[in-house]
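To start, the structure under review is shown below, and the notes come after it.
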Amino acid sequence: MNNEQKKGFSRRTLIKGAAAAGGLAVASSFVPYRFAIGAQAKVKVGILLPYSGTYAMLGNSITDAMKLRIAAAGDMLGGRPVEYVAIDSQMSVPKAPQNTSKLVDKDSVDFVVGPVHSGIAAAMAKIIGKRDQPIMIVPNAGSNAVTGPLCSENIFRTSFSNWQPAYPGGTLMAKEGHKTCITIAWKYGAGRQMMDAGAEAFTKAGGKVIKDIEVPFPDVEFQAFLSEIASLKPDAVFAFFSGGGAIKFLKDYAAAGLKSIPLYGPGFLTEGVAKAAGAAAEGVRTTLHYSADLDNPSNHAFRAAYEKATGKGANVFAVQGYDAGSLIVQAMAKVKGDTGATADLIKAMENANFIDSPRGPWKMSAAHNPIQNIYLREVRNGAQKYLGIAAKALEDPAAGCKMA
Ligand code: PHB
């Protein structure tokens, strides 16, 4: 479908949808979202994120910060009010197709924001990437495939690919003098891809992975695996867990007396959980595209506003949600609220400006994934301490991505 056809399709869908929904007369076929009575049709933002289970904190942080960003724009997108339709993904991959089609077909949303989980992201991308609408914005899930073989003009990511924060972590481990490591992660796409990236960098730098442990997702029974680590005595451990599971892992690791074996990993391991993990998280060094103490004016302003609105400290998930909101606000302003102008919306998103992101400036790659700095951080006194840049303007290789 070319862009003109896409536009026609989108507008027809929208006119039909608006007329059916309100039974209102459409004033002009050129401006189908403007009703005769002068009211503006709402822009529907569908959300598919976890609000229960081990990733609940991630879903809530993303949602709160995205809404905060859009509220700062007056809760208006290109002159039209916004309406949210949210579904709890329950981290269920089997339910992902049905949840996606509820948002896309039944609710006719203009944008889908989600998910957190890589398996759900791939399922959603397979459905949405085949259509011209809606536009999907991934505010967390790092599935390499989503901006690789499954990449599509209407899919954008404001977070990371699983490769991005993990690869520099492997390099770091070797640089800090470690010769052997054990990798441990939840057994699903995100864990696999992050461990592979960390191992690739570690091996390239002369290190050896002596054991690769996969824990069923989202189990938090770590005892048997920790005993194995204790008996194998690696120089270091490289781990991916996140949310509630990360707190449990950090605490069990310390309780098993393993703190003498340094723990590394993509920064999700300590992100948003360092306080709750207490002494167990102290000294853990990770690599991530954010650190709470980044000293830039946008980060200071964002953290103050987020804390005021939610009573909580912001984390990387909130930053990714905030930038998803920013992406929608900027693109909708460019097309003056015309959600049917898909090609222009996509172009606006490709050229969106993230100079003011709390994580520091970044831009969209050709595969629609952030090109961004990866920072080295360490937990000190329950907070992230920025130690420097681990990889500057790192771009995911996007292997297999061919835009239509
Ligand atoms: C993922 O499934 O892609 C995922 C989940 C949680 C994270 C990072 C990645 O913290």
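With a 1.4 Å probe and all protein chains left in place, how much of the accessible area of the chain comes from carbon and sulfur atoms, in whole percent?
Using a 1.4 Å probe with all protein chains present, the chain comes out at 55 percent carbon and sulfur.
Any idea how far the Cα center of the stretch 278-307 sits from the one of the stretch 334-399, in Å?
16 Å
Please list, in chain and number order, the residues 5+ apart from Tyr264 or on another chain whose amide H is under 5 Å from its amide H, with Hs placed from the backbone.
Val237, Phe238, Ala239
Peptides 241-248, 137-144: what's the order by average Cβ count within 10 Å, highest mean first?
Ranking the peptides 241-248, 137-144 by packing returns 137-144, 241-248.
With runs of 4+ DSSP H residues as the only contributors, calculate the mean residue ellipticity of the chain at 222 nm using -39,500 (n - 2.57) per run, divided by the residue total and rounded to the nearest 500.
-11500 deg cm²/dmol
Most fluctuating residue of Phe217, Phe268, Phe202 in a GNM of the chain with Cα springs under 10 Å: which is it?
Greatest mean-square fluctuation among the candidates belongs to Phe217.
If a cysteine in the chain has no other Cys Cβ under 4.7 Å from its own Cβ, put it on the list, ordered by number.
Cys181
Beta carbons within 10 angstrom, averaged per residue: use that to sort the peptides 255-264, 120-129, highest first.
120-129, 255-264
Please state the shape class of the stretch 231-344: rounded when a/c is under 1.5, otherwise prolate if a/b exceeds b/c and oblate if not, all from the C-alpha gyration tensor.
prolate
Taking amide H positions as placed 1.01 Å from N in the peptide plane, with prolines and chain starts having none, which residues 5 or more places from Lys363, or on another chain, fall under 5 Å of its amide H?
Ile371
When a/c is below 1.5 the answer is rounded, else prolate if a/b is larger than b/c, else oblate, so apply that to the stretch 35-111 with a ≥ b ≥ c taken from the square roots of the Cα gyration tensor eigenvalues.
oblate
Treating the angle as unsigned and between 0 and 90°, give the value, to the nearest 10°, between the Cα long axis of helix 316-334 and the longest Cα principal axis of the chain.
It works out to around 20 degrees.
Can you give me the distance in nm between label points at Asp295 and Lys102, each placed 7 Å from the Cα along the Cα-to-Cβ direction?
So the label points at Asp295 and Lys102 sit 4.7 nm apart.
Can you give the extra length, in nm with one decimal, that the chain gains between Asn353 and Ile127 once fully stretched, where that is 0.36 nm per residue apart less the Cα-Cα distance?
Result for the pair: 78.6 nm of gain on full extension.
Report, by chain and number, residues whose modeled amide H sits under 5 Å from the one on Leu49, excluding near sequence neighbours (fewer than 5 apart, same chain).
Amide H to amide H, under 5 Å and 5 or more residues apart or across chains, Leu49 pairs with Ile87, Ser89.
Work out how much length Gln223 to Lys204 would gain on full extension: take 0.36 nm times their residue separation and subtract the Cα-Cα distance, in nm to one decimal.
Once the chain is fully extended between Gln223 and Lys204, it gains 3.8 nm.
For a label point 7 angstrom out from the Cα of Glu307 toward its Cβ, which stretches of the stretch 272-300 have the backbone nitrogen within less than 18 Å?
It comes to 272-276, 291-300, nothing else.
With label points built 7 Å along Cα→Cβ from the Cα atoms of Lys233 and Ala256, find their separation and express it in nm.
Going from the Lys233 label point to the Ala256 one covers 1.7 nm.
On average, how much accessible surface per residue is there in the chain, in Å², for a 1.4 Å probe, leaving out ligands, DNA and RNA?
So the chain comes to 39 Å² accessible per residue, rounded to a whole number.
Cross-link candidates for Lys275: which lysines have Cα within less than 22 Å, leaving aside residues fewer than 8 places away along the same chain?
Qualifying lysines at Cα under 22 Å: Lys248, Lys251, Lys259, Lys308, Lys312, Lys385.
On the Cα set of the chain, report Rg and Dmax in Å, please.
21.5, 74
Rank these residues by their accessible area, most exposed first, probe 1.4 Å: Thr54, Thr203.
Result of the area sort, largest leading: Thr203, Thr54.
Quick one: Cα centre-to-centre distance for the stretch 186-256 and the stretch 72-106, in angstrom?
Spelled out, the Cα-based centre of one part sits 33 Å from the other.
Hey, how much of the P(r) for the stretch 59-103 falls beyond 13 Å, as a percent of Cα pairs?
Above the 13 Å cut-off, the stretch 59-103 has 63 percent of its Cα pairs.
Could you work out how much longer the chain between Ile389 and Ala343 gets when fully extended? Use 0.36 nm per residue separation minus the Cα distance between them, nm to one decimal.
That pair, Ile389 and Ala343, stretches by 13.0 nm at full extension.
Using each residue's phi in the stretch 76-86, evaluate 6.51 cos²θ - 1.76 cosθ + 1.60 at θ = phi - 60° and report the 3J(HN,Hα) Karplus result to the nearest Hz, with x for Gly and Pro.
10, 10, x, x, 10, x, 9, 9, 9, 10, 10
Mind running the shape call on the stretch 163-288? Use the C-alpha gyration tensor, a ≥ b ≥ c as the square roots of the eigenvalues: rounded below 1.5 for a/c, prolate if a/b tops b/c, oblate otherwise.
Taking the square roots of the gyration eigenvalues as a ≥ b ≥ c, the stretch 163-288 is rounded.
The values are calculated or read from the model by the stated rules, or taken from the named source; none is laboratory data. All values reported here derive from a predicted model rather than from experimental measurement. Note: ideal-geometry Cβ built from the backbone for every residue, glycine included; neighbour counts use all protein chains shown. Only protein heavy atoms, including side chains, enter the accessible area calculation; ligands, DNA and RNA are left aside. Shrake-Rupley method; radii C 1.70, N 1.55, O 1.52, S 1.80 Å.
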